[in-house]
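Working notes, beginning with the structure itself.
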Amino acid sequence: MNESLKRLGLDYVDLYLIHAPFEREQRLAQWRGLIELKKQKKARAIGVSNFSIAHLEELKAAGLAVPQANQIELHPWSQKPELVRYLADNGIAPIAYSSLVPLSTWRIAKGHDSAKTNEMRAAGEQADSPFKAIAAKYGKSEAQVLLRWAIQKGYPVLPKSTNPARIRQNADVFSFAIDDKDMTAIEKMDRGDGVAWAAGDPTHAL
Ligand SMILES: NC(=O)c1ccc[n+]([C@@H]2O[C@H](COP(=O)([O-])OP(=O)(O)OC[C@H]3O[C@@H](n4cnc5c(N)ncnc54)[C@H](OP(=O)(O)O)[C@@H]3O)[C@@H](O)[C@H]2O)c1
């Protein structure tokens, strides 16, 4: 952390996260470390990423403060309703990553091809993709619909683009609202686990 702050030229970061719950033996020690960094005011807020209910319960059982945020793969095809409800009940902010997975063009780069990503990509490419239809209805892009869905669900989003026009487009999601009928239709599109990690959804880590 001290090394990162030095490289950033900062005294503190706004939010510091544990990336994934893979280090079973280290999870509690890592979380205690973040709590200490917050005490030292090197992070204004601390959280985790890819933690399941069981991982979060482990922190609670050890008598530790719950994270302020859990960054997870969240989009209409991976809605994780039980986890999202748990986060709300425990005052943990859900942060959505890979919001654009249902785009037909999502992560075309090699290395992200699996049976599941290919299946999702094929569904997105269909002419009757629900997001293409919803986007046409609001006069917005599919990406804007996906980001707007997350915002209406109350999830902060962090889409990445190397393309200036897309960066502008991704920020322009406050001039329209998805109506209740479409939000209800999207609610029914959940396909379960996320696909952003080639090794599988990390919330399943033991
Ligand atoms: N905690 C975790 O485990 C975890 C996992 C994954 C990601 N993340 C975080 O989330 C951030 C974003 O990652 P991500 O997975 O959401 O996205 P990403 O993997 O960075 O991919 C976004 C993709 O969507 C494309 N794109 C962006 N805006 C678009 C638009 N308006 N229309 C069409 N295509 C568009 C981008 O291509 P162009 O660049 O060509 O526009 C890129 O291929 C990362 O930088 C990282 O900080 C965290």
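The values are calculated or read from the model by the stated rules, or taken from the named source; none is laboratory data. Bear in mind the structure is a predicted one, so any value in this text is a computation, not a measurement. Cβ sites come from the backbone with ideal geometry, for glycine too, and all protein chains shown count toward neighbours. Ligands, DNA and RNA are excluded from the accessible area calculation, which covers all protein heavy atoms including side chains. Shrake-Rupley method; radii C 1.70, N 1.55, O 1.52, S 1.80 Å.
Here is the figure for segment 185-203: residues that are away from the ligand (no atom under 16 Å from the Cβ), open to solvent by less than 70 Å² (accessible area, probe 1.4 Å) and part of a helix (DSSP H, G or I) total 2.
Each row is one residue, and each column tells you yes or no for (1) under 18 Å from the mean Cα position of the chain (by Cα); (2) closer than 19 Å to ASP14 by Cβ.
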{"residue": "SER49", "(1), (2)": "yes, yes"}
{"residue": "ALA62", "(1), (2)": "no, no"}
{"residue": "TYR86", "(1), (2)": "yes, no"}
{"residue": "ASN90", "(1), (2)": "yes, no"}
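In segment 1-32, which residues are open to solvent by less than 80 Å² (accessible area, probe 1.4 Å), over 15 Å from LEU64 (Cβ atoms), in contact with a helix residue (DSSP H, G or I) (Cβ under 9 Å, 6 or more places away or on another chain) and within 14 Å of the ligand (Cβ to nearest atom)? Once the filter is applied, which keeps residues that are open to solvent by less than 80 Å² (accessible area, probe 1.4 Å), over 15 Å from LEU64 (Cβ atoms), in contact with a helix residue (DSSP H, G or I) (Cβ under 9 Å, 6 or more places away or on another chain) and within 14 Å of the ligand (Cβ to nearest atom), segment 1-32 yields VAL13, TYR16, LEU17, ALA20.
Every residue, every condition in (1) open to solvent by less than 50 Å² (accessible area, probe 1.4 Å); (2) assigned to a helix (DSSP H, G or I); (3) charged (D, E, K, R); (4) at pLDDT 95 or above, yes or no:
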position	(1), (2), (3), (4)
LYS116	no, yes, yes, no
GLY124	yes, yes, no, no
GLN144	yes, yes, no, yes
LEU147	yes, yes, no, yes
LYS160	no, no, yes, no
GLN169	no, yes, no, yes
PHE174	no, no, no, yes
LYS181	no, yes, yes, yes
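For segment 33-49, filtering for residues that are loosely packed, with under 13 Cβ neighbours inside 10 Å and of a type in the set (Lys, Arg) leaves 3.
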